[in-house]
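Student: Questions regarding the structure given below will be posed in turn.
Just so it is clear, none of the values below were taken in a lab; they were calculated from the coordinates. Keep in mind the model is a prediction, meaning the values are calculated, not measured. Note: ideal-geometry Cβ built from the backbone for every residue, glycine included; neighbour counts use all protein chains shown.
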Amino acid sequence: MNGGALAQELSDGCPCLVCGHVGFVSHWSILLKCPECGFVTAQLAGPVDPHKLYDDRYFAGGEYLDYRADEVFFRENFRRRLAAVLRRRSSGRLLEIGAAYGFFLDLAAGCFEVIGFELNAEAARYGRERFGLDIRAEDFLRASLSDLGGPVDVTVMWDVIEHLERPDRCIAHVAELSSPGALVYITTGDMGSLVARLRGRRWRMIHPPTHLHYFDRGTIARLLARHGFNVLEIRSVGVARSMCQALYSVLVVGLGMRRAYDVLSWAVPPTWGLTVNTFDIMQVVAQKGP
């Protein structure tokens, strides 16, 4: 997948992924915005290789300080998200797109038959070997019903859709592989939130090329509806993070102040963490229509 190629297509007249309108306009010089529906995507200077972008450095020393070391905090998030799934569906076949090291699937395997897809081969291998999970380092868009063992009842995409080159094709393929009435759960940043509007181009979620797409509640609902999913619920959710990761995200990823992070982080125990809801992360629940 090539995010730079997509940005070039959009600026050259490719229809909007959400509404089909042709013709994007520049937004804050680093983004492109559809004037019809408001969908926003990154404006990249050149092509991006996702296999290099999401290699092991992404999870340790890139966007994340150390993803695996923060397992306890990720599991705290995933327990809440699994509880939200179980309120509507308690069994069946569950698919995770962007499964990382398998922390969510390991929790969900107690209730569902689970399968995951993950671009990073080492992360997928870790999930297979440590938890015995079926996590595949393959292109999800090539997966068939026979590959999955049958239609899917629940698909989850936790903090993933903003990374995908073509989220429209991904949602369309999920629809093809889903059983009637199947559920989709998505978390992503909310471009229409108060924090995002106040921060503008300095909003913490805007950092291409890892984040390519920026939805609000209207555009995510419209994208899902276009592929046969009816939105049941959209709400803001809190996120648990270690204090070290929070400092790292602000000082290193956000401000490029590595020295300040090194000075402050030595006094922070790795077990310290917090859950904060800044009301700019949305959790979307949708159901496949007849």
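Student: Look at ALA84 and say whether it is closer than 26 Å to GLY273 by Cα, small (Gly, Ala, Ser), in contact with an Asp or Glu (Cβ under 8 Å, 6 or more places away or on another chain) and not in a strand (DSSP E or B).
Tutor: no
Student: Would you tally the residues in the stretch 195-214 being surrounded by fewer than 19 Cβ atoms within 10 Å (Cβ to Cβ), assigned to a helix (DSSP H, G or I), among the hydrophobic types (A, V, I, L, M, F, W, C) and in contact with an Asp or Glu (Cβ under 9 Å, 6 or more places away or on another chain)?
Tutor: The total comes to 1.
Student: Restricting to the stretch 250-278, what's the tally of residues that are in a helix (DSSP H, G or I) and under 19 Å from GLU76 (Cα atoms)?
Tutor: The total comes to 0.
Student: Does ARG222 satisfy the condition of being charged (D, E, K, R), surrounded by 13 or more Cβ atoms within 10 Å (Cβ to Cβ), in contact (Cβ under 8 Å) with a residue 12 or more places away in the chain and in a helix (DSSP H, G or I)?
Tutor: Judged against the criteria, ARG222 is a match.
Student: In the stretch 236-249, which residues are in contact with a helix residue (DSSP H, G or I) (Cβ under 9 Å, 6 or more places away or on another chain), over 16 Å from GLY61 (Cβ atoms) and outside any helix (DSSP H, G or I)?
Tutor: Narrowing the stretch 236-249 to residues in contact with a helix residue (DSSP H, G or I) (Cβ under 9 Å, 6 or more places away or on another chain): 237-245, 247-248.
Restricting the remaining residues to those that are over 16 Å from GLY61 (Cβ atoms) gives 237-241, 243.
The answer is VAL237, GLY238, VAL239, ALA240, ARG241.
Student: Check the stretch 181-189 and report whether any residue there is among the aliphatic types (A, V, I, L, M) and over 14 Å from the mean Cα position of the chain (by Cα).
Tutor: yes
Student: Look through the stretch 95-153, keep the residues that are over 22 Å from ALA172 (Cβ atoms) and of a type in the set (Ser, Thr, Tyr), and return whichever of them is surrounded by the most Cβ atoms within 10 Å (Cβ to Cβ).
Tutor: So, considering only residues that are over 22 Å from ALA172 (Cβ atoms) and of a type in the set (Ser, Thr, Tyr), the one surrounded by the most Cβ atoms within 10 Å (Cβ to Cβ) is TYR101.
Student: Right, something else. If ASP49 satisfies all but one of (1) loosely packed, with under 14 Cβ neighbours inside 10 Å; (2) among the acidic types (Asp, Glu); (3) under 27 Å from TRP266 (Cβ atoms), what's the number of the condition it fails?
Tutor: The one condition ASP49 does not meet is (3).
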